[in-house]
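J.: Got a structure for you, written out below as structure tokens; questions coming shortly.
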Ligand code: PHE
């Protein structure tokens, strides 16, 4: 079967940036930045992006392009008869499960587009907006309908293939996203009192920066770049052989970061101008902002634009999540794209129902003390994602080898890669240790050690030590035998 590829450089960039730019950029980044000291947090985040995010992205891109295979096939090709393909399977499962609830949140956004455009949202009294949001997500049938709608729209794009579906759509949607963002930015910074919001976002305040904030920056940089889920690997497998992977990865990273910052510039000046609180978490976009738009001239118009912006950002991310699964099913089971997409979409419909209902009729159904949504979210974000991230990084850096990664990144020496020494340190040491720390923290080990009487620095040091020791032992025993001859 001939493989579909991206047709143009712009298209490749639009698709990869489209995956990276999502709910994480427009909702979560501004909010956690606000909470953690504004510009101080942004500086740490930039450091994480450069030291951890970029090296892992390069590793994933090169694994995909070298093998021209999906996330499972790539491992099978480079390490035949070795269990590394399980890492690929973990990534694909993570993408599948995350998509089942990412589609639900995107569904809430879709329903808000309709509610905004019809003026319904605007007619809700500000103090009732919180209850209104609660009634929207707990309504049972309607959220399920909107989740299905997101999955169906995503499938409809993916079914047309890499060039005619994903690339074409991204090339249209990403410029639209940028235009809406710029329009909203202009509206927001020209409001009276906007400067307070800008100050909140850009004036460094290191006193608010905590260890927890640093870990949050690290975790978010990984999530925001769509790493650890086989996405960048799968997209990499569609990239032209002569393409400069370094400049592609840098451009995706810069675009992702810029859009996140721009989203902050849309949200905070407006929130401050109307005297509202910036730290409302999930409620920031669904509760606080509708209150802002209510007081703004032409509020219905800007509100509709804003939810459309988030909807677009979400769809270009859901298509990348679905593509990972579809590419794997198509190639590993040798069935055509149409059948594979339909099959995946049907399975997603089914899996999305428990999460969606867990905000309403199934709120009391608990597994291990968690609702379905909390359980899926915990498993993927806190366990599967970091473990998958460590495995792919260790595989690229230690098993396949940095030399091979560099060879692929530069298209066999066709392009320059000046910082390859720095890259080697990043991908071999900084990234796996960084992601390891996120993992250990997210499963609560830090808290347990502190409860046993260790200071946070002591707990951190102990974990780091154990981690390095285990890595060293694994490396001595396993990687030697798994190393691929160059
Ligand atoms: N990067 C996306 C965001 O910022 C989220 C995402 C993660 C999308 C993983 C696809 C895969 O929202």
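Every number in this text was worked out from the coordinates using simple rules, so none of it is lab data. Computed from a prediction, not measured in an experiment: that's the story for all the values here. Using ideal geometry, Cβ is built from the backbone for each residue, glycine included, and neighbour counts are taken over all protein chains shown.
J.: Quote the relative contact order of the chain in percent (integer), defining contacts as alpha-carbon pairs under 8 Å separated by 6+ residues.
T.: Across the chain, relative contact order equals 31 percent.
J.: Please give the Cα centre distance for the stretch 95-174 versus the stretch 401-468, rounded to the nearest Å.
T.: 35 Å
J.: Here is a follow-up. Would you compute, from DSSP H runs of 4+ residues alone, the mean residue ellipticity of the chain at 222 nm, taking -39500 (n - 2.57) per run and dividing by the full residue count, rounded to the nearest 500? Before the final figure, lay out each step's value.
T.: Numbers: 23 runs with 322 residues, N = 486.
Calculated mean residue ellipticity at 222 nm is -21500 deg cm²/dmol.
J.: Using 0.36 nm per residue of separation minus the Cα-Cα distance, give me the extension gain between residue 254 and residue 433 in nm, one decimal. Before the final figure, lay out each step's value.
T.: Values: separation 179, 0.36 × 179 = 64.44 nm, distance 2.34 nm.
In short, 62.1 nm is gained.
J.: Between the helical axis of 211-224 and the dominant principal axis of the chain, each derived from Cα atoms, what acute angle in degrees is found, rounded to the nearest 10?
T.: Roughly 80 degrees between the two axes.
J.: On C-alpha positions alone, give me the angle between the axis of helix 456-474 and the longest principal axis of the chain, in degrees, nearest 10.
T.: 40 degrees
J.: Hey, another quick one. Taking the highest mean first, how do the peptides 464-470, 301-307, 82-88 order by number of other beta carbon atoms within 10 angstrom per residue?
T.: 301-307, 82-88, 464-470
J.: Give the angle, between 0 and 90 degrees and rounded to the nearest 10, that separates the Cα long axis of helix 245-273 from the longest principal axis of the Cα atoms of the chain.
T.: Once rounded, the angle reads 20 degrees.
J.: Sort the following peptides by mean Cβ neighbour count (other Cβ atoms within 10 Å, averaged over residues), highest first: 361-369, 142-150, 335-343, 232-240.
T.: Per-residue mean Cβ counts within 10 Å order the peptides as 232-240, 142-150, 335-343, 361-369.
J.: Right, something else. Give me the one-decimal Kirkwood hydrodynamic radius in Å for the chain, with the sum taken over alpha-carbon pairs.
T.: Its Kirkwood hydrodynamic radius stands at 23.0 Å.
J.: Rounded, prolate or oblate, given the Cα gyration tensor of the stretch 347-486, with a/c below 1.5 counting as rounded?
T.: Oblate shape, in that a/c is at least 1.5 and b/c is the bigger or equal ratio.
J.: Quick check on packing: order 251-260, 96-105 by the mean number of other C-beta atoms within 10 Å, highest mean leading.
T.: Most protected by this proxy first, the peptides run 96-105, 251-260.
J.: Work out, step by step, the length gained on full extension between residue 462 and residue 412: first 0.36 nm times the residue separation, then minus their alpha carbon distance; give nm to one decimal.
T.: Between residue 462 and residue 412, full extension yields an extra 13.9 nm.
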